[in-house]
Amino acid sequence: MTISKTITLANGVEMPRIGYGVFRMKEHEVAFNGVIEALNAGYRAIDTAAIYQNEEAVGEAIKASGVERSELFITTKVWNADQGFDNTLRAFETSLKKLNLEYIDLYLTHWPKPTLAETYKAIERLYEEKLIRVPGVSNHHQHHLEEVFAVANVKPMVNQVECHPSLAQHDLRAFCAQHNIAVTAWAPLGTGIVFTHPIVKGLAEKYSKTPAQIVLRWHLEVGNIAIPKSVTPQRVKENLEVFDFALAVDEVAAISALNTFHRTGADPDNFDF
Ligand SMILES: NC(=O)c1ccc[n+]([C@@H]2O[C@H](COP(=O)([O-])OP(=O)(O)OC[C@H]3O[C@@H](n4cnc5c(N)ncnc54)[C@H](OP(=O)(O)O)[C@@H]3O)[C@@H](O)[C@H]2O)c1
């Protein structure tokens, strides 16, 4: 299947299918250099969050790169402690300032706290005020999305969740598809658990690609957006080189069947942060 480099979201905005994640890159130099590396390699989407403590470094790298703002797709997220309507508006202003930007492309509720509805209403306000181009959420199970739907004038257009072959999220992805919500996969490589699986290894050999590239291509084939993180220049580059080959339908199915419901991170129904 031919897959374009961007996906059209519910409101017509184009979002790159592969973005650069910057979690666990707290050191200024690491985040700055990583974003520069990614932008030079051709990435146009950066995924950060207030809690990653690197919004300033990301903003500085964006400016230093010289890439036109209109070419970029920047995502950030409101942290759990800042949820609620007014707090979210304040947190957004802080993120905007730190990133040194005039608008954010995609703003997300980072995790579903009991205040997720008010938080989303604030995100919707930011969308109405054209301070963000796309309203979204993260780590929302179906029932969290339904809580949001109950108050939303405009449904979230992206749900960013943990997703990889070991946690393929078949049901949640189907539900999101029904509601025209694009799914972004965080931890798209699933800590490499399936890299040594014979199916993934075999496909890597068949297509002369790395196991990571096979997994990223699987994300594209099932319709996901993926935001791999790497501080290794060669990996940053290779993670974007997944548009020049395709997996066959049965190969996609074989990878999808590796699902074991294995989470590498917290369950959105059971977390203590
Ligand atoms: N919404 C949320 O709650 C949430 C939670 C977690 C993450 N995220 C977002 O999702 C992004 C990605 O998630 P993640 O960082 O947890 O997981 P990931 O991108 O699946 O994996 C990152 C790890 O894989 C390694 N790696 C990267 N490319 C590789 C390759 N081609 N071959 C082998 N190893 C490779 C990296 O090592 P090196 O860096 O050493 O190269 C790093 O250890 C984050 O940066 C963040 O933006 C969101």
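The values are calculated or read from the model by the stated rules, or taken from the named source; none is laboratory data. The model shown is predicted, which means the values in this text are computed figures rather than measured ones. Using ideal geometry, Cβ is built from the backbone for each residue, glycine included, and neighbour counts are taken over all protein chains shown. For accessibility, only protein heavy atoms count, side chains too; no ligands or nucleic acids. Shrake-Rupley method; radii C 1.70, N 1.55, O 1.52, S 1.80 Å.
Consider the range 196-206 and keep the residues that are touching a helix residue (DSSP H, G or I) at 6+ places or on another chain (Cβ under 7 Å) and open to solvent by 50 Å² or more (accessible area, probe 1.4 Å). The one that is nearest to the ligand (Cβ to nearest atom) is Lys201.
Does Phe175 satisfy being of a type in the set (Phe, Trp, Tyr) and either assigned to a helix (DSSP H, G or I) or modelled with pLDDT under 95 (or both)? In short, yes.
When the range 91-146 is filtered for residues that are touching a Pro at 6+ places or on another chain (Cβ under 8 Å), free of Cβ contacts under 8 Å to residues at least 60 places away in the same chain, part of a helix (DSSP H, G or I) and within 16 Å of the ligand (Cβ to nearest atom), the ones remaining, listed by number, are Tyr120, Ile123, Leu145.
The number of residues in the range 160-195 being of a type in the set (S, T, N, Q), out of contact with any Lys or Arg (no Cβ under 9 Å at 6 or more places or on another chain) and either away from the ligand (no atom under 14 Å from the Cβ) or open to solvent by less than 10 Å² (accessible area, probe 1.4 Å) (or both) comes to 2. Evaluate the range 215-222: report whether one residue or more is open to solvent by less than 20 Å² (accessible area, probe 1.4 Å), away from the ligand (no atom under 13 Å from the Cβ) and assigned to a helix (DSSP H, G or I). For the range 215-222, residues open to solvent by less than 20 Å² (accessible area, probe 1.4 Å), away from the ligand (no atom under 13 Å from the Cβ) and assigned to a helix (DSSP H, G or I): present. Of everything in the range 147-159 that is assigned to a loop (DSSP other than H, G, I, E, B) and within 16 Å of the ligand (Cβ to nearest atom), the residue that is surrounded by the most Cβ atoms within 10 Å (Cβ to Cβ) is Pro156.
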